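Notes to accompany the following structure.
The values are calculated or read from the model by the stated rules, or taken from the named source; none is laboratory data. It should be emphasised that the depicted structure is a prediction, and the values quoted were computed from it without experimental measurement. Positions of Cβ are backbone-derived with ideal geometry, glycine not excepted, and every protein chain shown enters the neighbour counts.
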Amino acid sequence: MQHLTNRAKPVDRKPMTALEKLYLWNIAKGMWITLKHIFKRKATINFPEQRREFSPVFRGLQVLNRDAEGRENCTACGLCAVACPAEAITMEAAERQPGEEHLYREEKYAAKYEINMLRCIFCGLCEEACPKDAVYLSETFAPSNYQRKGFIYGKEDLLIPHPKLEPEAYQQALGTRAKRQEKASSN
Amino acid sequence: MPDEKKLFKVTIDNITIEVEPGTSILQAARKIGGDVAPPAMCYYTPLKGSGGKCRTCLVEVAAGSTADPRPMPKLVASCRTNVMDGMIVKNITSEKVIDARNGVVEFLLINHPLDCPICDQAGECHLQDLSYEHGKEGTRYEFKRRTFEKVDLGPFIQLHMTRCILCYRCVYTADQVSKKREHGVLDRGDHSQIATYIKNSLDNDFIGNVIDVCPVGALTDRTFRFKNRVWFLKPMDAHRDCPKCSGKVTLWNRGDEVYRVTARKDQWGEVHDWICNECRFEKKETKDWVIEGPTKINRHSVISQGHYVGTVKPREVLTEVMNGQAPRLLMDIHTVSEVNQPQIELSELPGPATGDVFENKNPKEK
């Protein structure tokens with residue numbers, strides 16, 4: 001038979017000697033390995049209290065972005081929905097009326113915007129497709145839920161907090177993205 | 001002898017074809033088809049006198065004819081130049097042509113707002129296709145782009161002059177298809193614009209065709225404005241018995257709702273059967289139409305995305321297994337989802353939806 005690796009060894013099927021049958025030496029060897037691990041760095045963390053930093057390329061829950069004045073960036077162009085391989089995104093567009101200029105950046109906006117998190121595979125293609133920097137994947141994940149209906153995320157769930165009315169929540173929602181963008185623009 | 005027509009032999013990009021005398025280079029190239037056919041933004045076969053304005057169809061003539069094989073000194077507009085016997089034309093095989101075309105696209109885009117995410121023409125826009133093929137990613141233009149106010153030309157047509165490339169197609173359409181022309185190009189040079197004199201509205205029976213001939217999103221259908229993107233709609237060939245026109249149209253459906261009605265276009269984006277305003281703007285119900293079948297869309301077009309052709313559905317065995325009992329549905333998506341609400345009929349709105357339409361959830365009451 002052809003071996004897959006050159007490290008394959010034939011199994012030793014010799015009967016054990018009396019000393020080996022006592023297992024004492026092998027137990028001691030095993031315990032020594034266990035003992036060594038007590039002094040090693042732990043691979044786990046105490047999750048809810050401690051949290052790991054997200055990788056800069058982590059793709060989490062989608063966020064609908066606002067510009068610096070708090071107007072929604074999304075113009076319901078449908079490119080995220082057409083790019084979505086899981087067909088998780090749906091939207092309905094409306095025309096901005098006079099007097100709504102402080103709410104929406106352009107003359108067309110998404111009156112309804114929904115992402116079905118049961119379908120979403122967090123591939124990030126919506127973020128790549130977006131021409132308006134309106135949708136991006138944040139550094140959180142979709143929380144678990146007992147019911148399916150908890151996974152249909154509407155605009156109120158997805159919109160980023162208002163940068164002027166709730167600046168702290170806005171900064172938190174931005175995550176390390178703002179810093180990364182600053183870094184990228186300074187380079 | 002007079003019955004026997006002499007055919008002209010013309011070579012375009014090393015492909016030889018025989019065409020009738022009086023054919024333009026563009027038409028000869030279209031007979032070959034594929035990449036050989038030069039793009040055209042202003043030329044429109046059914047419209048007499050169109051062409052020669054946009055300069056995107058420029059080609060190089062390497063040899064004028066068998067009688068006079070000298071090359072033409074400059075690139076020529078293929079839509080306005082007729083073939084000669086023994087003519088040798090270079091389109092995509094000529095570097096000069098590609099370079100000139102890139103320049104033309106840059107000029108066409110100088111004042112274009114590039115608001116494709118908002119524009120209703122996106123997905124079926126010839127300028128969009130052209131700039132994808134020939135345009136550069138950036139612009140070298142540093143000045144303020146020319147802007148105009150949006151104008152409603154009557155209740156059905158909206159004019160976005162900022163997007164216009166002044167191809168004159170709509171002017172010829174109004175001249176040749178409808179009985180009376182009320183719009184034209186006013187002013188000169190950079191200021192020139194498609195306009196009606198002192199804000200007339202365009203209303204005659206066939207004026208809706210200017211929407212179809214417009215290669216960009218300058219003239220758009222107000223009854224379809226912002227309702228949906230073309231690539232989420234399903235184009236269906238349909239006809240109806242219309243006393244005014246041929247009644248052969250393409251319906252753009254979403255589910256059972258007719259979002260938009262347009263004339264049927266061929267592979268060059270040209271309409272041959274003009275349709276009347278009644279068919280286009282007022283018959284927005286499936287029961288008005290006899291549906292012939294889905295329109296054939298180029299596989300590479302964005303409109304054909306999500307149209308899964310030739311899918312095989314597995315046999316539904318659940319009811320059989322459960323002794324004829326239908327499976328109990330655990331969730332109706334409309335109880336959770338706020339989009340595609342069944343009571344909101346977007347196709348019945350005369351204009352674009354506003355925020356109120358989705359808030360009140362009953363647009364008919366307004």
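Kindly check whether there is at least one residue in segment B:161-178 that is of a type in the set (Ser, Thr, Tyr) and within 23 Å of B:Lys227 (Cβ to Cβ). Yes, that holds for at least one residue. Give me the pairs, please: first residue somewhere in segment B:127-148 and crowded, with 17+ Cβ neighbours inside 10 Å, second residue anywhere and among the basic types (Lys, Arg) and not in a loop (DSSP other than H, G, I, E, B), beta-carbon distance under 6 Å, and either six or more positions apart or on two chains. Hits for this filter: B:His134/B:Arg101.
Listed residues A:Lys149, A:Lys132; which is surrounded by fewer than 21 Cβ atoms within 10 Å (Cβ to Cβ), closer than 28 Å to A:Pro56 by Cα and within 7 Å of chain B (Cβ to nearest Cβ)? Full working, then the answer.
Working: A:Lys149 fails: closer than 28 Å to A:Pro56 by Cα.
Sole residue among the options that is surrounded by fewer than 21 Cβ atoms within 10 Å (Cβ to Cβ), closer than 28 Å to A:Pro56 by Cα and within 7 Å of chain B (Cβ to nearest Cβ): A:Lys132.
Taking the conditions exactly as written (crowded, with 16+ Cβ neighbours inside 10 Å and more than 7 Å from chain B (Cβ to nearest Cβ)), does A:Ala68 satisfy them or not?
Working: crowded, with 16+ Cβ neighbours inside 10 Å: no; more than 7 Å from chain B (Cβ to nearest Cβ): yes.
When the stated conditions are applied, A:Ala68 does not pass them.
Report the residue count in segment A:31-49 for those that are exposed (fewer than 10 other Cβ atoms within 10 Å of the Cβ), in a helix (DSSP H, G or I) and hydrophobic (A, V, I, L, M, F, W, C). Summing the residues that are exposed (fewer than 10 other Cβ atoms within 10 Å of the Cβ), in a helix (DSSP H, G or I) and hydrophobic (A, V, I, L, M, F, W, C) in segment A:31-49 gives 4. Per the conditions (1) touching a strand residue (DSSP E or B) at 6+ places or on another chain (Cβ under 6 Å); (2) closer than 26 Å to B:Gly269 by Cα, the sole criterion not satisfied by B:Ala62 is (2). Filtered by the rule that a residue be among the charged types (D, E, K, R), closer than 23 Å to A:Cys123 by Cα and modelled with pLDDT under 85, segment A:134-186 gives A:Arg177, A:Lys179, A:Arg180. Against the condition surrounded by fewer than 18 Cβ atoms within 10 Å (Cβ to Cβ), under 15 Å from B:Phe156 (Cβ atoms) and away from chain A (no Cβ under 14 Å), how does B:Asp203 come out, does it pass? It is true that B:Asp203 is surrounded by fewer than 18 Cβ atoms within 10 Å (Cβ to Cβ), under 15 Å from B:Phe156 (Cβ atoms) and away from chain A (no Cβ under 14 Å).
Would you mind finding the one in B:Ile303, B:Ile344 that is within 11 Å of another protein chain (Cβ to nearest Cβ) and either in a loop (DSSP other than H, G, I, E, B) or more than 20 Å from the chain's Cα centre (by Cα) (or both)? Result: B:Ile344 is the single residue among B:Ile303, B:Ile344 that is within 11 Å of another protein chain (Cβ to nearest Cβ) and either in a loop (DSSP other than H, G, I, E, B) or more than 20 Å from the chain's Cα centre (by Cα) (or both). Reported count of residues in segment A:96-124, each being crowded, with 16+ Cβ neighbours inside 10 Å and at the interface with another protein chain (Cβ under 10 Å from one of its Cβ atoms), is 12.
Taking segment B:155-178, which residues are out of contact with any Asp or Glu (no Cβ under 8 Å at 6 or more places or on another chain) and either farther than 16 Å from B:Asn111 by Cβ or surrounded by fewer than 16 Cβ atoms within 10 Å (Cβ to Cβ) (or both)? Hits for segment B:155-178 are B:Pro155, B:Tyr168, B:Arg169, B:Cys170, B:Val171, B:Tyr172, B:Thr173, B:Asp175, B:Gln176, B:Val177. Flag: B:Pro117 matches the condition of being free of Cβ contacts under 8 Å to residues at least 12 places away in the same chain, surrounded by 15 or more Cβ atoms within 10 Å (Cβ to Cβ) and part of a loop (DSSP other than H, G, I, E, B).
Would a scan of segment B:162-181 turn up a residue that is free of Cβ contacts under 8 Å to residues at least 12 places away in the same chain and either more than 14 Å from every other protein chain (Cβ to nearest Cβ) or of a type in the set (Phe, Trp, Tyr) (or both)? Taking every residue of segment B:162-181 in turn, at least one turns out to be free of Cβ contacts under 8 Å to residues at least 12 places away in the same chain and either more than 14 Å from every other protein chain (Cβ to nearest Cβ) or of a type in the set (Phe, Trp, Tyr) (or both). For segment B:238-269, filtering for residues that are touching a helix residue (DSSP H, G or I) at 6+ places or on another chain (Cβ under 8 Å) and under 26 Å from B:Lys31 (Cα atoms) leaves 6. Could you tell me whether segment A:88-100 includes any residue that is within 18 Å of the chain's Cα centre (by Cα) and under 19 Å from B:Gly306 (Cα atoms)? Yes, some residue in segment A:88-100 is within 18 Å of the chain's Cα centre (by Cα) and under 19 Å from B:Gly306 (Cα atoms).
One residue alone among B:Ser50, B:Ser78 is small (Gly, Ala, Ser), under 19 Å from B:His134 (Cα atoms), outside the structural domain of B:Gly269 (by TED's automatic domain parsing) and surrounded by 14 or more Cβ atoms within 10 Å (Cβ to Cβ), and that residue is B:Ser78. Counting only residues that are of a type in the set (Phe, Trp, Tyr) and in a loop (DSSP other than H, G, I, E, B), segment A:167-187 holds 0 of them. Could you say which residue among B:Gly217, B:Gly310, B:Gly255 is surrounded by fewer than 21 Cβ atoms within 10 Å (Cβ to Cβ) and within 14 Å of chain A (Cβ to nearest Cβ)? Criteria check complete, one pass: B:Gly255.
Name the single residue that is farthest from the other protein chains (Cβ to nearest Cβ) among those in segment A:71-84 being in contact with a strand residue (DSSP E or B) (Cβ under 6 Å, 6 or more places away or on another chain) and closer than 18 Å to B:Ile303 by Cα. So the residue we want is A:Cys80.
One residue alone among B:Trp274, B:Trp231 is of a type outside the set (S, T, N, Q) and away from every other protein chain (no Cβ under 14 Å), and that residue is B:Trp274. Just one of (1) modelled with pLDDT under 85; (2) touching a Leu at 6+ places or on another chain (Cβ under 9 Å); (3) more than 14 Å from every other protein chain (Cβ to nearest Cβ) fails for B:Thr286. It is (1).
Kindly state which strands (runs of 3 or more DSSP E) lie completely within segment B:184-256 and contain at least 2 residues that are without any contact (Cβ under 8 Å) to a residue 60 or more places away in the chain and either in the same structural domain as B:Pro352 (by TED's automatic domain parsing) or closer than 20 Å to A:Gly78 by Cα (or both). Step through it out loud before you land on a result.
Details: elements: B:193-196, B:219-221, B:234-239, B:248-254.
Answer list for segment B:184-256: B:248-254.
Only one entry of A:Glu87, A:Glu53 meets the criterion of being loosely packed, with under 15 Cβ neighbours inside 10 Å, facing another protein chain (nearest Cβ under 9 Å) and more than 19 Å from B:Pro117 (Cβ to Cβ), and that entry is A:Glu87. Residues that are under 22 Å from the mean Cα position of the chain (by Cα), farther than 20 Å from B:Glu338 by Cα, touching a residue at least 60 places away in the same chain (Cβ under 8 Å) and assigned to a loop (DSSP other than H, G, I, E, B) occur in segment A:50-57; there is at least one.
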